[in-house]
1. To test your reading of the geometry: what angle, between 0 and 90 degrees and rounded to tens, separates the Cα axis of helix A:268-278 from the longest principal axis of chain A?
2. Using bins 5 angstrom wide from zero, how does P(r) for segment B:38-182 break down, in % of all Cα pairs?
3. Placing +1 at every Lys and Arg Cβ and -1 at every Asp and Glu Cβ, with all other atoms neutral, what dipole size does segment A:1-160 have around its Cα centre, in debye to the nearest 20?
4. Short version: ³J(HN,Hα) in whole Hz for each residue of segment B:12-17, in order, from phi by Karplus 6.51 cos²θ - 1.76 cosθ + 1.60 (θ = phi - 60°), x for Gly and Pro, what are they?
5. Which ³J(HN,Hα) values in Hz, rounded to whole numbers, follow from the phi angles of segment A:282-290 under the Karplus curve 6.51 cos²θ - 1.76 cosθ + 1.60, where θ = phi - 60° and Gly and Pro get x?
6. Modelled label-to-label distance, A:Leu142 and A:Glu114, 7 Å Cα→beta-carbon offset: nm?
7. Just check segment B:1-118 against the gyration tensor rule for me: Cα atoms, a ≥ b ≥ c as the square roots of the eigenvalues, rounded for a/c under 1.5, and otherwise prolate or oblate depending on whether a/b exceeds b/c.
8. Toward the positive end of the charge dipole of segment A:145-205, about the Cα centre and with charges on Cβ (Lys, Arg +1; Asp, Glu -1), which of A:Ala172, A:Ile185, A:His149 goes farthest?
Amino acid sequence: MSEHEYILVGAGVAAATVARKLLEANPSTSILILEAGPEVTERNRRGWWNYIIDGIKPYDFARDKKNEYETIGKTFWDFNDNRVMAYGGSTLHWGGWSLRLQPEDFHMRDNTGEGANWPFDYWALHNYYHQAEYQLSVCGQLSESWNSHRRDQEYPVPVFQWAIPDSEMYHAFTDLSIEPGLMPIARYRKCMMTGTCKYCPLGGRFTAQHLLDEIRNDPRHKDLRISCRATVRKILAESKSRVSGVEYIDKDGQVHTAGASKIIVCSGAYESPKLLMLSTSSFWPSGIGNQNDLVGRFIVSHSMLFARGRREGNAECWLQEYDFPTIMSRTYDSPAYQREGKLFLFRNRAIPKFDFAEMMIQGRRKDEIERLLAGSREMELQGFLEEKGRFDDRLTLGDGRNQFGLPFTRVSFNRPPEVQAQAHNRLGLMQAVIERMNYTVDRQLTKVDNPGGHHTTGTCRMSRSATDGVVDPDLRVHDTDNLYVCSNAVFPTGSAVNPTLTLTALSLRLADHLLGRPYEAARQPAPLQTSRAKS
Amino acid sequence: VTSADPPTIGGPYCLEQVDAGLLQANPGPLPESHRESLWKLFSAIGTSWKNLYRARDSSGMRCTWFEFVTLLAEEPPSYLAEYENAVKVLAELTQLYQEDGAYEKLFFEVGPVKSQPKTRLEHCKCYVVNEFIKVQIVSSGFRGFGGENRAMNYNGFLRGTRYNRIEGVREFKPPARHRKPR
């Protein structure tokens, strides 16, 4: 049945990265990529103008709809806008924030007694992070203390400097001994504009479509096929240890099978576990890799924390400058804060906001608009709070299928009271920054929000043994020879930062494994004497 | 009619009732006569709000505006019928109030009409004037607000070669004592 060397399920950044590296090694590699979602054209000028006019992005229709998910735990799991099911995957809507995990993130269980360790340490990914930063064109700088362990690897692109609305937060940070930093961002081309980064008309922001288009348009890749609206419904097993292919359905409802020597599930933290659960057989009665009932468990994401303040007067006419944050801090994303939950801080990029067009549409004249502009301004500090994966928090199959034939999602998540208390404690730190800026805290908008599903991890977590996780350190499903998962789902911990750079690094590492190459592990350098190292 | 009712604007064409949705048309090129009438409407936005920065008129935005109306006329769903309607609304308003008076009514008196337009006049405001205002703003029209403290950047502003000599955003440089050596 092996018509292909590889079948990759999903067409996001993981599949694109693995496929590109396999094809670089051997352009005639036979690869079939099956994507459930449609192809949404990037750099489409009419689509961009529509976005300017009505705020609707061309890929918005490829998101989860409200009736397609269910949250059954005590803590609401927020699915709103958390992924895109399309060619290019969720990189179509990501902000490009590209941060490495910290060395301590790989040892969470050892350090805190909760969550899980990674089955390897930071240095196993160090060189792959570097390659990933080049692939995504990450703009960043090294001088911050949290980069003290990686001084051998410069960022490929110069950093975006702080913008003027960062200045008050910068001073509040330094007054409160919070180290200000510059956000590393994935940008292919110099920004000629901003504010509509979620759909860039110039292709300035990295998306996986860049990689997929590149490999698809290369005439040497005669055995590469990428099929959209091809929804994989089952992985076919020929024995307990070997899978032989997949069953998928096309947009017309026709059922197909395709075979491959190796199958790599690159379907994100929701669809990857669901596909394993759906792949039942006499060898795997509860789904492939699910003999210990761990598929879908340990689901975790970031909770968003918001501290909003307001002040009278905006004579400087500060406005949103970029559509991504430039000031951030990883001071609380450090070993000293790991036990009670690390916190990654950044300024809300979208405010101060002033909608000139809306004022004009309302029929206000120029002098009135300028008076309103100068009247007041708001600032908001936001944070991602790390949470630890818990056995009872899980994702399961919902009843029904969505517009692309993917099963609905059900999540049970219960945040323990002590974690809620820690979150409020962290919120107090953030509120202190707003007060230091001499802004009046907006009590209604200063809050600990629900976990947002946009950075979901843990649902097929990596482990040394099948009793503790779903995939092994090579990302192969335990007790199988030729089935892999390459997705945020394999992260044993989510840390406090965005997962895409780490996923890209893992994808590059997986490609080395598939090619039979030794891993490019790095050697840990001697520690520097920095404030972070001392903490 | 009570004293609380706003004064009626326009004549029989403007006040004709039509469905709220986009007026239907097959995609196609925008007739040149319509283009010039619509360009005058777009330019009048800049004149009425004085939102242009260091520019006498909106001519520097013409390429951007032209791309916008061309794409909206020639790709589905087509705005051709909306543009034709706007030209007729403008003609009637100009006949009734003179040219400057017509723009004054459209920009400052019709009201926001952000959804569910009921008349031909409201269609013109909702689908043409409101959208042209957004195009004005993203084409650098925001820079005329705020005097010397004006913004450098704004949602959707495409700097392009015309603005290469100005900074993209207002950068913040921290005091030297805070800066770290690279």
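1. Between helix and principal axis, roughly 30 degrees.
2. P(r) for segment B:38-182, in whole percents per bin: 2, 8, 16, 19, 17, 13, 9, 6, 3, 2, 2, 2, 1, 0.
3. Details: 15 positive and 22 negative charges, 90 e Å.
With only Lys, Arg, Asp and Glu charged at Cβ, the dipole is about 440 debye.
4. x, 5, 4, 8, 4, 6
5. 5, 7, 9, x, 10, x, 5, x, 10
6. 3.5
7. oblate
8. Final value for the positive-end residue is A:Ile185.
All of the numbers you see were taken from the coordinates with simple rules; none came from a lab. Nothing here was measured: the structure is a model prediction, and the numbers come from that model. Using ideal geometry, Cβ is built from the backbone for each residue, glycine included, and neighbour counts are taken over all protein chains shown.
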